[in-house]
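The block underneath contains the structure these notes are about, expressed in structure tokens.
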Amino acid sequence: MSLFVQMHENGFSIADIRRLQQCYYTACSMFNGRYRKTGRPFMCHCVGVASSVAQFSSDPDMVLAGLFHAAYDAGQFPDGRYGKTSKEHRAWLFGKIGSKAEAIAARYLDFDFETGAPERLLSEGFHDDDRDLLFIALAHEVDDLADGGLALAPKYGDSIASRVTSCTELARQIGQHDLAECLAAHGRRHEDLAWMHQLQPDRLRGFRIVAGLRAHIRLRRAAARGKDVRIF
């Protein structure tokens, strides 16, 4: 997949890419069947955030944190429950993606970057210990802008000019100047996507598609015959 190619071209080791590859399957099981308000599969969004991180960071744990940024918000765990940082959930994800990436994902759950947050952080400042969370949030912003999602399903009002400006300056403040330029460029492009407002559905909300019972039985039978089928 393109994320692996991107990581290789950006100097990540094969061991780093293989590690992400294994964790990717875990992410697929956690976000299986979930879609964002735009209709985009949630897993594609997770990969998009990880790709944005990989473009501006050489730390594989940060890339993993980007991939699992929504684990404790929208991910389904093996006990069938969604999100939340219970002791059992944290121990399970720790075993899958490692301590550093899991800790960042857990902290990210409580990091406010909703409407008005970038402007507030720029005005009031941010805690130095939250630089990694801010970086993930800004990479997340790149993915939201890059696929036109904020034009099709606006989360911050019709105009996001002040938000993009604040994000761009925040990126500079954490030393991510290339990220700042990327955000600014996507912000300019966003203004050209106003026509996508005409494609907005009547109700904007994420949704989940659950596999039918018949498909589930077929998967169970295939697994019983020794075929490589993952059932979560």
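Computed quantities for the displayed model
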read-out: Region 49-86: number of residues that are surrounded by fewer than 18 Cβ atoms within 10 Å (Cβ to Cβ) and either under 18 Å from HIS140 (Cα atoms) or modelled with pLDDT of 95 or more (or both); value: 4
read-out: Residues satisfying the stated conditions in region 1-10, i.e. assigned to a helix (DSSP H, G or I) and surrounded by 11 or more Cβ atoms within 10 Å (Cβ to Cβ); value: LEU3, PHE4, GLN6, MET7, HIS8
read-out: The lone exception for GLU119 - which of (1) open to solvent by 30 Å² or more (accessible area, probe 1.4 Å); (2) within 15 Å of the chain's Cα centre (by Cα) it fails; value: (2)
read-out: Members of region 60-93 that are under 18 Å from the mean Cα position of the chain (by Cα) and of a type in the set (A, V, I, L, M, F, W, C); value: MET62, VAL63, LEU64, ALA65, LEU67, PHE68, ALA70, ALA71, ALA74, PHE77, LEU93
read-out: Considering residues of region 11-37 that are in a loop (DSSP other than H, G, I, E, B) and open to solvent by 70 Å² or more (accessible area, probe 1.4 Å) only, the residue farthest from ARG205 (Cα to Cα); value: ASN32
read-out: Meets criteria (in contact with a Ser or Thr (Cβ under 9 Å, 6 or more places away or on another chain), closer than 22 Å to ALA50 by Cβ and open to solvent by 30 Å² or more (accessible area, probe 1.4 Å)) for ALA153; value: no
read-out: Close pairs from region 93-110: first within 10 Å of ASP132 (Cβ to Cβ) and modelled with pLDDT of 95 or more, partner acidic (Asp, Glu) and in a helix (DSSP H, G or I), Cβ under 7 Å, at least 6 apart; value: LYS100/ASP61; ILE104/ASP132
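The values are calculated or read from the model by the stated rules, or taken from the named source; none is laboratory data. Being a predicted model, the structure only gives us computed values, none of them experimental. Quick reminder, even Gly has a Cβ in these numbers, built from the backbone with ideal geometry, and neighbours come from all protein chains shown. Quick note on the areas: whole protein, heavy atoms, side chains included, nothing else; ligands and nucleic acids left out. Shrake-Rupley method; radii C 1.70, N 1.55, O 1.52, S 1.80 Å.
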